[in-house]
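Visitor: Got a structure for you, written out below as structure tokens; questions coming shortly.
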Amino acid sequence: MTYCCGILVRDGLVMIADTRTNAGLDNVSTFRKLHVFEEPGRHVLALSTAGNLSISQAVISTLQEGLENPETGAKETLSTCSSMFRATQLVGRAVRHVYDLYGAALKEADLRFDVSFLFGGQVNGGRMRLFMIYAAGNFIECTSDTPFLQIGEHKYGKPVLDRSITFDTDLYDGLKSALISMDSTMRSNLGVGMPIDILVARRDGGQAELNYRIEPGEPYFHDLRERWSAALRAAHTSIPRPPYGR
């Protein structure tokens, strides 16, 4: 399984992803699911992936090598896109390209074309934006009314974000909520696990402010996990018992 989350607040963008892949009880591995494409001063882009690992890796490789523009014949990469919208369209085209290559073979093997992406960042001083891209290559955009998006095993971490994230949330408070959301998911699903990759990009910063991997035993994350558990127990104890029954 996988858990990835993107948070877009007034001050910037937070992206977080676990690294565990699970193809059976005896085949657990670590693969990066948060990919950063950065040219300081021009763009900072982050793409997180969920679903079939072979499909997502094929999409990433296609984006790195480039796709031919059907109108101009020129090869397009994320570095040549003039806006976040154009870059998101390119990711969608890469997904459809990979489907054209492997979709029929996957269907013959009784496998679904299962992949999804979160794609966020800022290009050429344009708006900082965050998108969710589906297996068909279509996408939706994060808004100030709903300032976060999730892919993968999202149900365990969503309540934390629903209660803590608004568009006016401080950027690093957003990161803290994302980490608590990740911890909640890891506690309830063994298919999501360490290490954890995080990216923080400040609006109009022109580059990543933080691009970091949290390894098992990292002191801050261990402390955060313990404090959150203690806070939940304390809140539960402080609430009066239900007045129903005897």
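The values are calculated or read from the model by the stated rules, or taken from the named source; none is laboratory data. Please read these numbers as outputs of a predicted model, since none were measured by experiment. So basically every Cβ, Gly included, is an ideal-geometry build from the backbone, and we count neighbours across all protein chains shown. Side chains included, ligands, DNA and RNA excluded: accessible areas come from the protein's heavy atoms. Shrake-Rupley method; radii C 1.70, N 1.55, O 1.52, S 1.80 Å.
Visitor: Which percentage, to the nearest 5, of the DSSP beta bridges contained in the chain is antiparallel?
Guide: Roughly 100 percent of the beta bridges in the chain run antiparallel, per DSSP.
Visitor: Oh, and also: Determine the gain in length on full extension of the stretch Ala234-Asp173; use 0.36 nm per residue of separation and subtract their C-alpha separation, reporting nm with one decimal.
Guide: Full extension of this stretch gives 19.8 nm more.
Visitor: Quick one: which of 226-235, 74-83, 119-128 comes out on top by average Cβ neighbours within 10 Å, and what's the full order, highest first?
Guide: Numbers: 226-235: 11.0, 74-83: 15.2, 119-128: 19.8.
Answer by packing, highest mean first, reads 119-128, 74-83, 226-235.
Visitor: A further question follows. Sum up the charges of everything whose Cβ sits under 12 Å from the Cβ of Ser177, counting Lys and Arg as +1 and Asp and Glu as -1, but leave Ser177 out.
Guide: With Lys, Arg at +1 and Asp, Glu at -1, the neighbours total -1.
Visitor: Can you tell me which of 213-223, 84-94, 3-13 comes out highest on packing, and rank the rest after it, using the mean Cβ neighbours within 10 Å?
Guide: Packing order, densest peptide first, comes out as 3-13, 84-94, 213-223.
Visitor: Further, regarding this structure: Could you work out what % of the accessible surface of the chain is carbon and sulfur, using a 1.4 angstrom probe and leaving DNA, RNA and ligands out of the count? Could you put the intermediate results ahead of the total?
Guide: Numbers: 6570 of 12990 Å².
Exposed carbon and sulfur together represent 51 percent of the surface.
Visitor: Counting Lys and Arg as +1 and Asp and Glu as -1, each charge on the Cβ, what is the dipole of the chain about the Cα centre in debye, to the nearest 20?
Guide: 720 debye
Visitor: Got a sec? Charge dipole of the chain, +1 on Cβ for Lys and Arg, -1 for Asp and Glu; which of Val44, Ser116, Ser184 is way out at the positive end?
Guide: Farthest towards the positive end: Ser184.
Visitor: While we're on this one: If you add up the charges near Gly103, with Lys and Arg at +1 and Asp and Glu at -1, over every other residue whose beta carbon is less than 14 angstrom from its beta carbon, what do you get?
Guide: Computed value for this residue: -1.
Visitor: Where a ≥ b ≥ c are the square roots of the eigenvalues of the C-alpha gyration tensor, would you call the stretch 60-108 rounded, which needs a/c under 1.5, or, failing that, prolate if a/b is larger than b/c, or oblate?
Guide: Values: a/c = 2.42, a/b = 2.02, b/c = 1.20.
Prolate, since a/c reaches 1.5 and a/b exceeds b/c.
Visitor: Using the Kirkwood radius over C-alpha pairs as Rh, can you work out the diffusion coefficient of the chain via Stokes-Einstein at 10 °C, viscosity 1.306 mPa s, in µm² per second? Intermediate results must be reported in sequence, preceding the final value.
Guide: Details: Rh = 19.0 Å.
The diffusion coefficient I find is 84 µm²/s.
Visitor: Ok, one more. For Leu63, what charge total do you get from the other residues with a beta carbon under 10 Å from its beta carbon, if Lys and Arg give +1 and Asp and Glu give -1?
Guide: -1
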